[in-house]
Amino acid sequence: MAQNKTQKTALRVSEYLQSIPSEHMRSDCEQLIGMMERCTGDIAHMWGSSIVGVGDYRFVNGSGKLSDWFMLGVSARKSALSLYIGCGLQFVQPMLKSLGAHSAGVGCLYIKKLSDVNLTQLENILQTATEFSRKLAVDYTGDTSDVRAALAHATKTKVRAKEARPKKAPLPKSKETGQTVSGNSHVAKTVGGKSSKDSMSASSPHPSQAAKSVRSVQSAATRATSKTIKASVKANANAKSKSKTKRRA
């Protein structure tokens, strides 16, 4: 069974709460723990040194291995309260619209203070998350059709969001080098040996791109020069050879 880095400890929740320097954050944490205990029907335990977890369950993680975690959790961070949703936010995503001021991570909700959110809706979210966590547990034998439906909906939503993102237009290529450049014709004109003030603009390419284009042209020029020199040396050698042959004759 896969072991999480954060494990349940014997530390006391009350001692952790007392260690929170902010009075309002400490009070909010106590209120949240009460909500979580009502939703799960379980008591709170410390996980690691700074997370209060409620409602243990065992599930199969993304790697296909068994893992132990908590259904709901909370931790007081410097700037906000972190609410851990064990089943993942995809199961409660539609409910977040009417929650109030918050931000979301992969499996966490971040709330600066409880007065910023709708507490009734928050408890509904925690209750729904608990129900889905129970259905994700390996020992659950009931109907899981709503779990599959929620996962399918979350996948479709993610795909639609990705498809809705504006696609970047392809960058133009330099006529001299054939390389992709940014901005207008500044690089092409500079590389081609032409210079004009109107070729400079706010949309000029990044210096590193311009330098890359210049180096490419210089390299091509060096190769061409090298071939020319080799051809010239070969021609001179042939001419000398013929001259010697004529003298002998």
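The values are calculated or read from the model by the stated rules, or taken from the named source; none is laboratory data. The model shown is predicted, which means the values in this text are computed figures rather than measured ones. All Cβ positions, glycine included, derive from the backbone under ideal geometry; neighbour counts span all protein chains shown. What goes into the accessible areas is simple: the full protein's heavy atoms, side chains included, and nothing from ligands, DNA or RNA. Shrake-Rupley method; radii C 1.70, N 1.55, O 1.52, S 1.80 Å.
Just to check your reading of the model, which residue among Met36, Met71 is under 15 Å from Leu126 (Cα atoms), open to solvent by less than 20 Å² (accessible area, probe 1.4 Å), assigned to a strand (DSSP E or B) and touching a residue at least 60 places away in the same chain (Cβ under 8 Å)?
One residue alone meets the criteria, Met71.
Working only within the stretch 76-96, note down all residues that are part of a helix (DSSP H, G or I) and either modelled with pLDDT under 95 or closer than 24 Å to Val60 by Cβ (or both).
Once the filter is applied, which keeps residues that are part of a helix (DSSP H, G or I) and either modelled with pLDDT under 95 or closer than 24 Å to Val60 by Cβ (or both), the stretch 76-96 yields Leu89, Gln90, Phe91, Gln93, Pro94.
Of the conditions (1) surrounded by 21 or more Cβ atoms within 10 Å (Cβ to Cβ); (2) assigned to a loop (DSSP other than H, G, I, E, B); (3) not hydrophobic (A, V, I, L, M, F, W, C), Ser49 satisfies every one except a single condition; which number is it?
All conditions pass for Ser49, except number (1).
Which pairs turn up if I take residues in the stretch 89-114 that are within 20 Å of Ala149 (Cα to Cα) and look for partners that are polar (S, T, N, Q) and in a helix (DSSP H, G or I) with beta carbon separation below 6 Å, at least 6 apart in sequence or on another chain?
Val92/Thr128
Could you tell me whether Arg77 is surrounded by fewer than 19 Cβ atoms within 10 Å (Cβ to Cβ), touching a residue at least 60 places away in the same chain (Cβ under 8 Å) and within 24 Å of Ala10 (Cα to Cα)?
Taking the combined requirement at face value, the residue does not satisfy it.
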